[in-house]
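The values are calculated or read from the model by the stated rules, or taken from the named source; none is laboratory data. In this text, all values refer to a predicted model and were calculated from it rather than measured experimentally. Note that each Cβ is placed from the backbone with ideal geometry, even for glycine, and that neighbours are counted across all protein chains shown.
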């Protein structure tokens, strides 16, 4: 049985917001996410970011952009460092870049150190592009595709953050 948080803030959105999927976010779904963002609490966002299952973590990354940054920043960066793959790492990297700035680099490098020694899945290039964007040296050079994907996700994240702040 789904918790209220999962039913309201995860299940309706996670398939269209995972990995790189959010770069093709239809306007109708963006409006629904923004509506939900007006209802989600800081506690729900931190709970999603701390979840063991990838689905809430994805939505925790996106909803972290819609609550006060100082309330979720540390939890977001922790989620970034413990992410283990392409479903969560790209959204977490976009959100961590906006909310953490250069302070997000160690959590991204921690993710990269893990993924580079386990199983590469393409997300390493997106996260490396985020590190590079923050004027740090990633442990691998991102591909041009990884850079484009990161910039696209960062645009989605910036728009979501800005739209959530607009009354």
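Summary of computed values
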item	result
Residue 107 vs. criteria within 30 Å of residue 27 (Cα to Cα) and in contact with a helix residue (DSSP H, G or I) (Cβ under 8 Å, 6 or more places away or on another chain)	no
Any hit, segment 26-49, residues being within 21 Å of residue 123 (Cα to Cα), touching a helix residue (DSSP H, G or I) at 6+ places or on another chain (Cβ under 8 Å) and not in a helix (DSSP H, G or I)	no
Residue count for segment 51-93, restricted to those that are farther than 20 Å from residue 106 by Cα and without any contact (Cβ under 8 Å) to a residue 40 or more places away in the chain	6
Check on residue 39, closer than 17 Å to residue 133 by Cα and in contact (Cβ under 8 Å) with a residue 24 or more places away in the chain	no
Odd one out for residue 85, checked against (1) part of a helix (DSSP H, G or I); (2) within 17 Å of residue 18 (Cα to Cα); (3) modelled with pLDDT under 95	(1)
Filter pass, residue 45 being loosely packed, with under 13 Cβ neighbours inside 10 Å and without any contact (Cβ under 8 Å) to a residue 60 or more places away in the chain	no
Candidate set from segment 115-158 (those that are modelled with pLDDT under 95 and in a helix (DSSP H, G or I)); member that is surrounded by the most Cβ atoms within 10 Å (Cβ to Cβ)	115
Failed item, numbered, when residue 26 is tested on (1) surrounded by fewer than 20 Cβ atoms within 10 Å (Cβ to Cβ); (2) within 14 Å of the chain's Cα centre (by Cα); (3) without any contact (Cβ under 8 Å) to a residue 24 or more places away in the chain	(2)
Among the candidates 99, 112, residue that is under 17 Å from residue 154 (Cα atoms) and assigned to a helix (DSSP H, G or I)	99
Test set (1) modelled with pLDDT of 95 or more; (2) assigned to a helix (DSSP H, G or I); (3) in contact with a helix residue (DSSP H, G or I) (Cβ under 8 Å, 6 or more places away or on another chain) - residue 5 fails condition number	(1)
